[in-house]
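Peer 1: Okay, here's the structure, questions in a sec.
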Amino acid sequence: MRNRPEITASKGSDQEACPRLEVWDGSFSARLLDPRFPDDVERARAFRHEVFLEELGWSLPDGPQQEVDEYDQHSVHFGAFAESPQMAGYCRLILPVGNFMIEKDFSDLVAPDYSIRKQSDTVEISRFAIHRRLRGKQEGFRLIAVLLRCVYSWAKANQVRYIYGVCASDHLSFVQGAFSCCDSIGPAYQYQPGIFSSALRVDLGKLDVEKVKDFWSQVVGKPR
């Protein structure tokens, strides 16, 4: 078992390159998923199916099938693991070569006068989830921290400064604490009864790393 956080990474030639990138914190790990490896692809699809279709009850136009969409083809994917090969967390970064979800699916969350950035230094994070057995527990927050560190490492290696995303409005203050440089870009909107969502943008160029370390030290309950 590893007893300290560790990052191993190598930079690819462009954003769509798939370098080796893995972050560890004890028995928790997160890594960039390689689309060339069928096991990685299948683990991600199975996890998304379990969370979004079986648990949350999302429906697909063609009936029960794997939870995939048009954004997957121009995204990079990340998986998180907790003491076993079974995936316990997932997210993806949508690259600016196609639509962002906030342009098409969540346009209600973007202020009319806001111009969405579509440069090579900008991505959108989506499908962020951890397994239900870990949610609300210290282990779950540790897993979230490892997954976010992996995303941050990839962003820095690929000169990505801005990250768009959507979260539940009542989680916005947590996200702002986790990143320290996060701003809402439009009004909250109620897509489901009683649940409001907000769109945000994180500016990694203004990230206060020490503040983020302090925040996560308090969240996971361990010294820096």
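The values are calculated or read from the model by the stated rules, or taken from the named source; none is laboratory data. Since the model is a prediction, treat every value here as computed from it, not as a measurement. Neighbour counts run over all protein chains shown; Cβ positions are idealised from the backbone, glycine included.
Peer 1: If I ask for residues that are surrounded by fewer than 18 Cβ atoms within 10 Å (Cβ to Cβ), under 30 Å from GLU83 (Cα atoms) and free of Cβ contacts under 8 Å to residues at least 60 places away in the same chain, which ones from segment 140-165 would you list?
Peer 2: Selection gives LYS156 alone.
Peer 1: Considering only segment 5-18, I want to know if a residue exists there that is at pLDDT below 85, in contact with a Phe, Trp or Tyr (Cβ under 8 Å, 6 or more places away or on another chain), in a loop (DSSP other than H, G, I, E, B) and within 23 Å of SER217 (Cβ to Cβ).
Peer 2: The answer is yes; a qualifying residue exists.
Peer 1: Something else: What pairs come up if the first residue lies in segment 166-180 and is more than 20 Å from GLN190 (Cα to Cα), the second is surrounded by 18 or more Cβ atoms within 10 Å (Cβ to Cβ), and their beta carbons are under 6 Å apart, counting only those six or more places apart or on different chains?
Peer 2: GLN176/CYS182; GLY177/PHE215; PHE179/VAL202; SER180/VAL212
Peer 1: Only one residue in VAL202, VAL212 is of a type outside the set (Ser, Thr, Tyr), surrounded by 14 or more Cβ atoms within 10 Å (Cβ to Cβ) and touching a residue at least 40 places away in the same chain (Cβ under 8 Å), so which one is that?
Peer 2: On the way: VAL212 fails: touching a residue at least 40 places away in the same chain (Cβ under 8 Å).
Sole residue among the options that is of a type outside the set (Ser, Thr, Tyr), surrounded by 14 or more Cβ atoms within 10 Å (Cβ to Cβ) and touching a residue at least 40 places away in the same chain (Cβ under 8 Å): VAL202.
Peer 1: Now a separate question. Does segment 66-74 contain any residue that is at pLDDT 90 or above, on the phi < 0 side of the Ramachandran plot, in contact with a Pro (Cβ under 6 Å, 6 or more places away or on another chain) and charged (D, E, K, R)?
Peer 2: For segment 66-74, residues at pLDDT 90 or above, on the phi < 0 side of the Ramachandran plot, in contact with a Pro (Cβ under 6 Å, 6 or more places away or on another chain) and charged (D, E, K, R): absent.
Peer 1: Of the residues SER169, SER153, SER184, which is at pLDDT 95 or above, in contact with a strand residue (DSSP E or B) (Cβ under 7 Å, 6 or more places away or on another chain) and among the polar types (S, T, N, Q)? Walk me through it before giving the result.
Peer 2: On the way: SER169 fails: at pLDDT 95 or above; SER184 fails: at pLDDT 95 or above.
Residue meeting the stated conditions: SER153.
Peer 1: What helices (runs of 4 or more DSSP H) completely inside segment 124-221 contain at least 2 residues that are under 14 Å from the mean Cα position of the chain (by Cα)? I'd like the intermediate steps shown before the answer.
Peer 2: Working: elements: 138-157, 172-179, 209-220.
So the answer is 138-157, 172-179.
Peer 1: Considering segment 71-86 alone, what residues qualify as being in contact (Cβ under 8 Å) with a residue 12 or more places away in the chain, of a type in the set (S, T, N, Q) and either in a strand (DSSP E or B) or farther than 27 Å from LYS118 by Cβ (or both)?
Peer 2: Across segment 71-86, the qualifying residues are SER75, GLN86.
Peer 1: Does segment 49-62 contain any residue that is surrounded by fewer than 13 Cβ atoms within 10 Å (Cβ to Cβ) and in contact (Cβ under 8 Å) with a residue 60 or more places away in the chain?
Peer 2: Residues of segment 49-62 surrounded by fewer than 13 Cβ atoms within 10 Å (Cβ to Cβ): 54-59, 61-62.
With the extra rule that they be in contact (Cβ under 8 Å) with a residue 60 or more places away in the chain, the set shrinks to 55.
Among the residues of segment 49-62, at least one is surrounded by fewer than 13 Cβ atoms within 10 Å (Cβ to Cβ) and in contact (Cβ under 8 Å) with a residue 60 or more places away in the chain, which makes the answer yes.
Peer 1: Another one. For segment 103-115, how many residues are assigned to a loop (DSSP other than H, G, I, E, B) and either of a type in the set (Lys, Arg) or in contact (Cβ under 8 Å) with a residue 60 or more places away in the chain (or both)?
Peer 2: 4
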